[in-house]
Protein chains: 4
Amino acid sequence: MTTKVVVNGYGVVGKRVADAVNCQEDMDVHGIIDIAPTSLVGIANERGYPLFAVSDEARKKMIDVGMDVKGVFEDALQDADIVIDTAPKGITTKNVQIYEKMGIPYIVNGGEKHALTGSSFSALANYRETVGVKKTRVVSCNTTTLCRIFTALKAVSTIDDAFISIVRRGADPVRTSSGPINAIIPVLGGYSHHAPDVNTVIPDLKISSLAVKTSSTLTHVHMIRVKYNNEVSRDSLINSFKATPRIILVSGQKGITDNAQVIELFRDKLRPRNDMFETAIWEDSIFIEGDTAVLIACCHMESVAVPENVDAIRAVLSMEKEPQNSVIKTDKGLGIFQEEADYSIL
Amino acid sequence: MTTKVVVNGYGVVGKRVADAVNCQEDMDVHGIIDIAPTSLVGIANERGYPLFAVSDEARKKMIDVGMDVKGVFEDALQDADIVIDTAPKGITTKNVQIYEKMGIPYIVNGGEKHALTGSSFSALANYRETVGVKKTRVVSCNTTTLCRIFTALKAVSTIDDAFISIVRRGADPVRTSSGPINAIIPVLGGYSHHAPDVNTVIPDLKISSLAVKTSSTLTHVHMIRVKYNNEVSRDSLINSFKATPRIILVSGQKGITDNAQVIELFRDKLRPRNDMFETAIWEDSIFIEGDTAVLIACCHMESVAVPENVDAIRAVLSMEKEPQNSVIKTDKGLGIFQEEADYSIL
Amino acid sequence: MTTKVVVNGYGVVGKRVADAVNCQEDMDVHGIIDIAPTSLVGIANERGYPLFAVSDEARKKMIDVGMDVKGVFEDALQDADIVIDTAPKGITTKNVQIYEKMGIPYIVNGGEKHALTGSSFSALANYRETVGVKKTRVVSCNTTTLCRIFTALKAVSTIDDAFISIVRRGADPVRTSSGPINAIIPVLGGYSHHAPDVNTVIPDLKISSLAVKTSSTLTHVHMIRVKYNNEVSRDSLINSFKATPRIILVSGQKGITDNAQVIELFRDKLRPRNDMFETAIWEDSIFIEGDTAVLIACCHMESVAVPENVDAIRAVLSMEKEPQNSVIKTDKGLGIFQEEADYSIL
Amino acid sequence: MTTKVVVNGYGVVGKRVADAVNCQEDMDVHGIIDIAPTSLVGIANERGYPLFAVSDEARKKMIDVGMDVKGVFEDALQDADIVIDTAPKGITTKNVQIYEKMGIPYIVNGGEKHALTGSSFSALANYRETVGVKKTRVVSCNTTTLCRIFTALKAVSTIDDAFISIVRRGADPVRTSSGPINAIIPVLGGYSHHAPDVNTVIPDLKISSLAVKTSSTLTHVHMIRVKYNNEVSRDSLINSFKATPRIILVSGQKGITDNAQVIELFRDKLRPRNDMFETAIWEDSIFIEGDTAVLIACCHMESVAVPENVDAIRAVLSMEKEPQNSVIKTDKGLGIFQEEADYSIL
């Protein structure tokens, strides 16, 4: 008997989570909910996912363009075990009230505030605390990335201080009405929200961050600086990254000199949609000076938190009590299982 | 007994042609030749293609980074039935002398001049003329696209005059040293080379073109204007596009409002590397005023000529005498066979 | 006694028109109206222009950040001879009702429809028809550019047919929330509005156009193709362009190979804000084949229609009856008077 | 008797230094040397600067396109008091040998290594050490910016540790062959060269840096984090920035929310070529937590080191012994003298 998962919102995150759920043996796509009568939402029909409209009005429009619509919002939730909500901000807040009323467990995504669920989730950093909570928030692409990297960095030694500069992509590839073109936009008002967001899952880490937005659609890039309370070796860092699931090392010396090359690598690996579920760290960016380490990483904002969404289902519904059990299942389903990783560290 | 294909150059075009050959039942990847000790060339090993180095020096460097190299240039050509050369300009010219000396049939790609082979190839426009020629040039991404579109446009009525404005992408995604950033670069010196290049495969078409280069990596975009010698109907054009293989219609009304949405559609269709082997025409750009038709199309510069490379193998080696036989095989192998297309028109 | 000009809206167009008015001997900036308490609007104070707020609320906010505000909307219009409205669409429609009620002549800009004023203006194409009309619309940057170019092209011989492909910049430099990043967006639905807009000032020209939007902030680029009813010489075109005011020829052979180089030329000429009030045509893009001519031009969307706004003031208020008188004054004031141009052709 | 300055290279930096020299009362542009027969180099003629070609061959080409060329390389150096070399790397190295042989004092720019002259120059940080040295290197745009900011930051209290993340523009606006388009390129190999370069003029500062390159042409952006050895107040930082020449504060709350708005501000101020000789710091990015301060700044790579080039002339030739004397002259000449700055702190 597999877990019935409804994905509310078939956009950038939702469509990927649906496909990821579909690759898992212990869960199924029970329904997709969306509003748009578009070719991209029509892909749900091509995949064979039961498609539902947010309203009767939306259903009419979707049927008019030839889409196969099974019903509306409430129909999708019938018999569902859990909902992954990937709707736009504001909409999610309203949806959550419905899930609460109907008593359906749910997962929201990183654009939402921690307070909405009172629980935030990172498979590598705090899986056990989320077991059985019935509702949680999978942290954002940037936060998920930082949680993975700091899981690896903390395994090496005690961290006294961490500082991150995030160079954000301006918009996802399909958001063509969004800029900037040619400009760089700083996040003003002091520290960016990313470091405090990491603290929702790793509370004891002293971390702060700044951020800018650039004219790019490929990945976010993180420049990371960590001060340990003692000297560490470069090898210990590299070994820790190799041991940590969902982190890969790439190398400028082997031609992966920028984030376009990183994405090209995953195109060549025939990943669906050129997705990179892993966080990529440039091995030749890792540098140690005494107790201080620096490195540069990148994350694929569209897909990096997708595995965590799958794990969150298992945690929230107590399907797996131990993180490694879920992470291994997820990663095998997604084809990203790493032989050299040490899943027992989770 | 399958045809043994060597792909010389495992870059943007070469790696795609290799994968396309690998999907065909009547041919095999006999060898890949490259020079670079990089992660991207290393993908050839992951795919299981026999990998050869251009020289002993290159082989050494490739082995040093852990690549599995079977031999050098000449080793790859042993027992090969044909070479697809996708090396950079200049290099190809030298390579061709070797193929000639060894008596191996070969195919070069669109960056080269027609004069290099004395034969240019478009599967839809002039397949029969290329049967058995032993060597040909598959025309460029833009020319392949125009040959497809004009195959469909000519089927409607007699064309008196055609004019194309091409908005080129500035560089392929991985060519990150190339610009422009933010600028628009006109092709100066009168008409661009694209229209004359179409005439190498469709000699009797009165066509001219202008072009600019932009800060973009997704697709080329073509604004096309055709004057027929009589009035035509919009439906006749649309029907002709639907009947023509390797052309698809997309629609702004269904949300495919720009070339990022087109590429997203092919990401969602899980095409390898988000490739679009077809030429996409915006259905809602097609407009008729009397004897004049306009339309806007886009082509994926990295992959659009890949099917034609496969067909060119069959033509050059007389493996198939009739274009539809090859095109259907190619398109089935690539997963782009269109039920609604009329392959008999070829 | 100089003409008192109010500029409503101190944004991309308004601030330039104000400076242009300020350079003319027969007119003065009587007032600037805006809503935003920003550093950029604060420049009006640095220039010494009387600044007014759209409302009491706006005035309060502007004063709070230290701006010198003389009054509100209605105060600015007291004693004004004419208003140039450069407010956002929608706002302008409301403003026009106020100007009508107060009986103040006014000029709107190219984003508005012809129907709003029933009159459209191009200094080179239809100045005389606009003398004394009390209200008009200065056509958009692209249309102004085309009116200039076709004034020159028509002077050579009779045009049978004209077709334009416009490659638009995605957004002005300061509109950093607008995209696209990396994508190309076609204007769907058949011909673009540009050609019909040209016909509002040059009614008898057979012209059509297509357009795309790109990730760029520098200029629009026009690919133009004209069919004459007889053979023409390249020299006759070049001479006509040289004779026409507000058109300049640039040359790829002299290093002006793209629109970034064009803008750099005007930066080096120390034009305010790197503005290019002229339309630039690449001399080495001009090509003739029998009765057909092609060329590539670019226009600086932020500033190209600024001289026309100044001329429109003189036309609308009957300050000058003949276009050359106004154009020469405007161009001398702006420092763009061309010795080699033949103003008598207007 | 004014100092005779030759500017070798009339490109991005050279043409600006020439104009800056031209604005100073105690120096004159004695000659410009360049190689290119282009419209942009032709601007030197429009300005009235004596123009020289690098060679007889170059002179011929320049004369062929109508440029006024006074002579060749050696002619320009006759009677010159000093040369500012802004030639491309490699060329400068050769040029320096000629200057040495002829005994002419010279200044090279930031692309060169410290070792080439054994002296590096920042007007605010080490003017006095450079007085009379006969040759120096004006540090790069990024280093000049950091030297200014750290002059201000050091004035507040003792700095224990500084870390900078630099988001570089991909290319200057005119370098349209350079990318990246859409990608982000990390500087690999550990710390970037920027921090060590700061140490060539401020040796005792503990500073390190990382950097990435983006698809942008406007400015570099610096994310800066400083740890003091005690608590500091935000006001003390702001006051120090206000007191420091060549630093300005901009504010997102007043609409200057990104670097395009910063540049727009300088376009509106009618700065030549929209140049920003000052370093801009976002006031609302400045944030203090205990002993740690963060801030975000941007510098206009094309022009920021221009004032320093002027000062370097006075230092190298002992024209002024005290930095404030030179800085005040330079800034008045350039129109960037700040009433509120405290030049006596230099």
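The values are calculated or read from the model by the stated rules, or taken from the named source; none is laboratory data. Computed from a prediction, not measured in an experiment: that's the story for all the values here. Positions of Cβ are generated from backbone atoms using ideal geometry, with glycine treated the same way; all protein chains shown enter the neighbour counts. What goes into the accessible areas is simple: the full protein's heavy atoms, side chains included, and nothing from ligands, DNA or RNA. Shrake-Rupley method; radii C 1.70, N 1.55, O 1.52, S 1.80 Å.
Hey, could you grab the Kirkwood Rh for chain B? Inverse mean 1/r over distinct alpha carbon pairs, Å, one decimal. Write down the numbers at each step before the final one.
Working: mean 1/r = 0.0485 Å⁻¹.
It is 20.6 Å.
Antiparallel DSSP bridges in chain C: what percent, to the nearest 5?
Working: 23 of 57 bridges.
Antiparallel bridges: around 40 percent, rounded to the nearest 5.
Sort the following peptides by mean Cβ neighbour count (other Cβ atoms within 10 Å, averaged over residues), highest first: B:289-295, C:246-252.
Values: B:289-295: 18.1, C:246-252: 20.4.
Per-residue Cβ counts within 10 Å, averaged per peptide and sorted highest first, yield C:246-252, B:289-295.
Name the long-range amide H neighbours of B:D26: under 5 Å, sequence gap of 5 or more, or other chain; modelled H, no Pro or chain starts.
none
Just to verify a number: FRET efficiency for C:D291 and A:S177, C-beta to C-beta distance, R0 = 41 Å, to 0.05?
Working: r = 42 Å, r/R0 = 1.02.
It comes to 0.45.
Compare B:S177, B:S120, B:S326 in a GNM of chain B, Cα atoms joined below 10 Å, and give the one with the largest fluctuation.
Ranking B:S177, B:S120, B:S326 by mean-square fluctuation puts B:S177 first.
For the peptides C:13-24, B:86-97, what is the packing order when you average, over each peptide's residues, the other Cβ atoms within 10 Å and list the highest mean first?
Values: C:13-24: 23.8, B:86-97: 15.8.
Taking the mean over residues of other Cβ atoms within 10 Å, the ranking is C:13-24, B:86-97.
Over the protein assembly as shown, average the accessible area per residue using a 1.4 Å probe and give it in Å², no decimals. Mind dumping the intermediate values first?
Working: 45730 Å² over 1384 residues.
On a per-residue basis, the protein assembly as shown sits at 33 Å².
What Kirkwood hydrodynamic radius, in Å, does the protein assembly as shown give when the mean of 1/r is taken over all pairs of distinct Cα atoms and then inverted?
Numbers: mean 1/r = 0.0296 Å⁻¹.
With all distinct Cα pairs of the protein assembly as shown included, I get 33.8 Å.
Once the dipole of chain A is set up with Lys and Arg at +1 and Asp and Glu at -1 on Cβ about the Cα centre, which of A:G14, A:H30, A:L116 lies farthest towards its positive end?
Sorting the options by dipole projection puts first A:L116.
Please work out which residue of chain A brings its Cβ closest to the axis of the rotation superposing A onto B, and round that distance to whole Å.
Measuring from each Cβ to the axis, the minimum is at A:N182, 2.
Name the residue, out of A:K61, A:K329, A:K254, whose mean-square fluctuation peaks in a Gaussian network model built on chain A with Cα pairs under 10 Å.
So, out of A:K61, A:K329, A:K254, the one fluctuating most is A:K254.
Principal axes first, then extents: for the Cα atoms of region B:71-221, list largest minus smallest coordinate on each axis, whole Å, largest first.
Result for region B:71-221: principal-axis Cα extents of 45, 42, 25 Å.
When the Karplus curve 6.51 cos²θ - 1.76 cosθ + 1.60 is applied with θ = phi - 60°, which whole-Hz ³J(HN,Hα) does each residue of region C:236-241 get, with x for Gly and Pro?
5, 5, 4, 5, 5, 5
Once the mean 1/r over all distinct Cα pairs of region B:1-67 is inverted, what Kirkwood radius in angstroms do you read off? Working shown, then result.
On the way: mean 1/r = 0.0837 Å⁻¹.
Final number for the Kirkwood radius of region B:1-67 is 11.9 Å.
Counting only other residues whose beta carbon sits under 14 Å from that of C:L205, what net charge do I get with K and R as +1, D and E as -1?
Numbers: positive: C:R148, C:K154, C:K206, C:R225, C:K227; negative: C:D160, C:D161, C:D197, C:D204.
Here the count lands on +1.
Any idea what the dipole of the protein assembly as shown comes to, in debye rounded to 20, about its Cα centre with Lys/Arg Cβ at +1 and Asp/Glu Cβ at -1?
Details: 148 positive and 172 negative charges, 0 e Å.
Charge dipole of the protein assembly as shown: 0 debye, to the nearest 20.
Which residue, A:N182, A:N45, A:N126, has the most motion in a Gaussian network model of chain A that connects Cα atoms within less than 10 Å?
Fluctuation is largest for A:N182.
Quick one: of the DSSP bridges fully inside region D:1-138, what percent are antiparallel, nearest 5?
Values: 0 of 22 bridges.
DSSP beta bridges in region D:1-138 are roughly 0 percent antiparallel.
Is the shape of region D:129-190 rounded, prolate or oblate, going by the alpha carbon gyration tensor and its root eigenvalues a ≥ b ≥ c, with a/c under 1.5 for rounded and a/b larger than b/c for prolate? It would help to have the intermediate numbers written out before the result.
Numbers: a/c = 2.72, a/b = 1.45, b/c = 1.88.
Because a/c hits 1.5 or more and a/b fails to exceed b/c, region D:129-190 counts as oblate.
Give the angle, between 0 and 90 degrees and rounded to the nearest 10, that separates the Cα long axis of helix A:141-154 from the longest principal axis of the Cα atoms of chain A.
40 degrees
On a full-extension model of 0.36 nm per residue, what is the gain between A:Q253 and A:R128, subtracting their alpha-carbon distance, rounded to one decimal in nm?
Numbers: separation 125, 0.36 × 125 = 45.00 nm, distance 3.87 nm.
Computed gain between A:Q253 and A:R128 is 41.1 nm.
Once amide H atoms are placed 1.01 Å from N in the peptide plane, what residues at a sequence separation of 5 or more from B:H220, or on another chain, have their amide H within under 5 Å of its amide H?
Those qualifying (amide H under 5 Å, at least 5 residues apart or on another chain) are B:R169, B:C299, B:M301.
Would you mind telling me the share, in percent, of accessible area of the protein assembly as shown contributed by carbon and sulfur at probe 1.4 angstrom?
Numbers: 22260 of 45730 Å².
Ligands and nucleic acids excluded, carbon and sulfur give 49 percent.
So what is the 222 nm mean residue ellipticity for the protein assembly as shown from helices alone, if each DSSP H run of at least 4 adds -39500 (n - 2.57) and you divide by all residues, rounding to the nearest 500 deg cm²/dmol?
On the way: 49 runs with 468 residues, N = 1384.
Helices in the protein assembly as shown give a 222 nm mean residue ellipticity of -10000 deg cm²/dmol.
Could you derive backbone 3J(HN,Hα) for region D:97-108 from the dihedral phi with the Karplus parameters 6.51, -1.76 and 1.60 (θ = phi - 60°), listing whole Hz in sequence and x where the residue is Gly or Pro?
4, 5, 4, 4, 4, 7, x, 9, x, 8, 10, 10
Please compute, for peptide C:166-173, the average count of beta-carbon atoms on other protein chains lying within 10 Å of each residue's beta-carbon.
Working: counts 2, 8, 1, 3, 9, 7, 3, 12.
Counting other chains' Cβ atoms within 10 Å and averaging over C:166-173 gives 6.
Need one value for B:53-66: mean number of C-beta atoms belonging to other chains within 10 Å of its residues' C-beta atoms. Could the numbers behind the result be given before it?
Details: counts 0, 0, 0, 0, 0, 0, 0, 0, 0, 0, 0, 0, 4, 1.
The mean count of partner-chain Cβ atoms within 10 Å per residue comes to 0.
Taking the C-alpha atoms of region C:1-149, how large are the radius of gyration and the largest Cα-Cα span, Dmax, in Å?
Over region C:1-149's Cα set, Rg and Dmax evaluate to 15.1, 47 Å.
Which angle from 0 to 90°, rounded to the nearest 10, does the C-alpha axis of helix A:323-334 make with the longest principal axis of chain A?
70 degrees
With the contact rule set at Cα under 8 Å and sequence spacing of 6 or more, what percent relative contact order holds for chain A? Working shown, then result.
Values: 721 pairs, mean separation 60.3, N = 346.
Answer for chain A is 17 percent.
Under a Cβ-Cβ cut-off of 15 Å, what is the net charge of the residues other than B:V226 that fall near it, where Lys and Arg count +1 and Asp and Glu count -1? Kindly include the intermediate steps, with their values, before the conclusion.
Numbers: positive: B:R148, B:K154, B:K206, B:R225, B:K227, B:R234, C:R225, C:K227; negative: B:D160, B:D161, B:D204, B:E231, B:E289, B:D291, C:D161.
Net of charged neighbours comes to +1.
Using alpha-carbon pairs under 8 Å, 6+ residues apart, how would you state the relative contact order of region B:221-346 in percent? Mind showing how you got there, number by number?
Values: 176 pairs, mean separation 38.4, N = 126.
Once divided by the residue count of region B:221-346, the mean separation gives 31 percent.
Given the protein assembly as shown, what percent of its DSSP beta bridges are antiparallel, to the nearest 5?
Of those bridges, close to 40 percent are antiparallel.
When Cβ neighbours within 10 Å are restricted to other protein chains, what is their mean count per residue of peptide A:293-299? Each step should come with its number before you reach the end.
On the way: counts 0, 8, 3, 8, 1, 3, 0.
Across A:293-299, the average partner-chain Cβ count within 10 Å equals 3.
If you average over every viewing direction, what projected area does the convex hull of the Cα atoms of region D:182-307 give, in nm²? Present the calculation step by step, with values, prior to reporting the outcome.
Values: hull surface 36.8 nm².
Taking the Cα atoms of region D:182-307, their convex hull projects to 9.2 nm² on average.
So, with +1 on the Cβ of K and R and -1 on the Cβ of D and E, and no other charges, what is the size of the charge dipole of chain A about its Cα centre, to the nearest 20 debye?
640 debye
How tilted is helix A:259-268 with respect to the longest principal axis of chain A? Cα atoms for both, answer in degrees (0 to 90, nearest 10).
60 degrees
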